[in-house]
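Novice: Mind having a look at this structure? Questions to follow.
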Amino acid sequence: MSVLGLGYVGTVSAVCLAEAGHTVIGVDPNQTKVDLINAGKSPIVEDRVAEMMAEHVAAGRVSATTSADEAIAETDLAIVCVGTPGNDNGSLDLTHLERASANIGHALADRDGFFGVVIRSTVLPGTSRNVVIPAIEAASGKRSGVDFGVVMNPEFLREGSAVYDFNNPPKIVVGGTDDEGSQRTADMLLSLAPPGDHPVIRTRFEVAEMAKYIDNTWHALKVAFGNEVGRICEPLGIDSHQVMDIFCQDTKLNISDKYLKPGMAFGGSCLPKDVRAVSYHARSHDVDLPIIYNLTASNESHLERAVKLILDTGVRDVAILGLSFKAGTDDLREAPMVEVAERLLGKGLRLSIYDHNVSLAFLTGANARFISEHLPHLGQLLDDDIDRVLDGAEAVVIGNGNPDFAAVVERLDPSIHVIDLVRIIDDGSELPNYQGLGW
Ligand code: NAD
């Protein structure tokens, strides 16, 4: 295969693929890098790469050239690892990727037989489909999906442990289209995958492209969050590392897939109150915690978006299924759906509400107080007969994850709007008037 772009990713890919027994021709416009590689030397400093390069160049498994035409004529697959640096305004500079795509297209113009193209560079959603494919087609006069295929295969290696990471990826994600060329390229790529029990995910281009950004954004969030924990612990004389060691030992709620799926705003009797309390405490010690302070604002803007989705349907009669902040509780304190209901009533909409866990007769203490302050007429809106609640509704809002609601959505007349705030059904795209909150 050819590897286009002999920086950190391309160099590591080249030596690791050679180590697995493949013959790799590296391509880079930088003559110095090409000369170094052909002399058996690594153009980057990275654990084990220098020895691997010396060995595989000597064995004829790795070579380099500045000519994409030359490399592509000799290979079946190109792995594109060119740089995609950021511009000052945060947008991506795609010059290298556009040029590499055009170079591939130029080489393909005179080449017979199918060719696979793998994008390993980190690119924003839509780039493989709307930038790479058109550039190759324009320069080659050939058709994507037929004469050549393109897939997006984000790289997850970390500098410093890149060879290990290349051979032990946390997952392999291959994005593409349903066309035969894309599928064939994915098969070619997966036949090169290092052995191991890492998950393999085949998906659409845009999902694969976005997955890489979300990983890195999450990693950045983890670092920044850990540092904010340090900043609040330090003035209080609390060992932040001990706190985070305890945090990390909770693999049920903290280091797990809990609380990470897009859905309704957070609420309930603990999260909003405790975020406010820790923020207050930090402010009183003059500690700046931009992430933690902004959690409440982020949550509020999410709740506003939910309200807007409902108002945008233009309907007047709305049924709400699920009022408490999660299924299986009658706790209404700071339940986001109570806030949603309050705002919809304020806009003059007529509501009927079903939540089989909530009975006004049983609400006491802080729970009852919260309702009397926010939804004093809840008694007139709440009905324990779901069919009566749905009767006459022009829109149905799913407010919590009570599993019974999925069947309700499926039996509704298609003319009724469904605003699903919790993704009660996995694929609402079949329903003409379905709208999810973030999907
Ligand atoms: P890099 O800047 O080290 O190397 C890019 C190479 O591409 C350079 O040698 C450059 O000369 C070459 N190049 C430019 N135009 C070319 C062309 N038309 N044809 C062939 N080669 C060309 O970049 P990198 O750090 O290896 O990153 C490459 C991509 O992988 C980026 O999109 C990056 O975001 C992504 N990525 C990087 C890492 C990492 O740890 N460095 C990890 C995962 C993903």
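Novice: Among the residues of region 49-58, is there at least one that is within 13 Å of the ligand (Cβ to nearest atom), assigned to a strand (DSSP E or B) and within 35 Å of the chain's Cα centre (by Cα)?
Specialist: no
Novice: Still on this structure, please answer the following. Is there a residue being of a type outside the set (Lys, Arg), over 18 Å from Val118 (Cα atoms), touching a residue at least 60 places away in the same chain (Cβ under 8 Å) and assigned by TED's automatic domain parsing to the domain that holds Gly113 anywhere in region 32-46?
Specialist: Yes, there is a match, as at least one residue in region 32-46 is of a type outside the set (Lys, Arg), over 18 Å from Val118 (Cα atoms), touching a residue at least 60 places away in the same chain (Cβ under 8 Å) and assigned by TED's automatic domain parsing to the domain that holds Gly113.
Novice: Taking only pairs six or more apart or across chains, which ones have beta-carbon atoms under 6 Å, a first residue in region 93-120 that is within 9 Å of the ligand (Cβ to nearest atom), and a second residue that is acidic (Asp, Glu)?
Specialist: That search, which allows pairs on different chains as well, returns Arg120/Glu155.
Novice: Next question. Can you name the number of the only condition in (1) part of a loop (DSSP other than H, G, I, E, B); (2) in contact (Cβ under 8 Å) with a residue 40 or more places away in the chain; (3) within 10 Å of the ligand (Cβ to nearest atom) that Thr75 fails?
Specialist: (3)
Novice: Which of the residues that make up region 4-48 are farther than 21 Å from Gly160 by Cβ, of a type outside the set (Asp, Glu), within 15 Å of the ligand (Cβ to nearest atom) and part of a loop (DSSP other than H, G, I, E, B)?
Specialist: Correct list: Pro29, Asn30.
Novice: In addition: Hey, does region 149-161 have a residue that's away from the ligand (no atom under 16 Å from the Cβ) and either free of Cβ contacts under 8 Å to residues at least 12 places away in the same chain or aromatic (Phe, Trp, Tyr) (or both)?
Specialist: Checked against the condition, which is being away from the ligand (no atom under 16 Å from the Cβ) and either free of Cβ contacts under 8 Å to residues at least 12 places away in the same chain or aromatic (Phe, Trp, Tyr) (or both), region 149-161 yields no hits at all.
Novice: Still on this structure, I have one more. Tell me, yes or no, whether region 80-95 has at least one residue that is in the same structural domain as Asp28 (by TED's automatic domain parsing) and under 17 Å from Lys142 (Cα atoms).
Specialist: no
Novice: Let me ask another. In region 346-367, which residues are outside any loop (DSSP other than H, G, I, E, B) and either in contact (Cβ under 8 Å) with a residue 24 or more places away in the chain or within 16 Å of Asn402 (Cβ to Cβ) (or both)?
Specialist: Residues satisfying the conditions are Arg350, Leu351, Ser352, Ile353, Tyr354, Phe362, Ala366, Asn367.
Novice: Okay, next question. I need the full set of residues from region 229-276 which are closer than 24 Å to Asp426 by Cα and not aliphatic (A, V, I, L, M), in order please.
Specialist: Residues satisfying the conditions are Lys252, Ser256, Asp257, Lys258, Tyr259, Lys261, Pro262, Gly263, Phe266, Gly267.
Novice: Looking only at region 241-283, count how many residues are more than 24 Å from the chain's Cα centre (by Cα) and either in a loop (DSSP other than H, G, I, E, B) or at pLDDT below 95 (or both).
Specialist: 3
Novice: Follow-up. Given the conditions (1) near the ligand (Cβ under 9 Å from one of its atoms); (2) touching a residue at least 60 places away in the same chain (Cβ under 8 Å), which single one is not true for Pro125?
Specialist: Result: Pro125 fails condition (1) only.
The values are calculated or read from the model by the stated rules, or taken from the named source; none is laboratory data. Every value quoted in this text rests on a predicted model; they were computed, and no experiment measured them. Cβ sites come from the backbone with ideal geometry, for glycine too, and all protein chains shown count toward neighbours.
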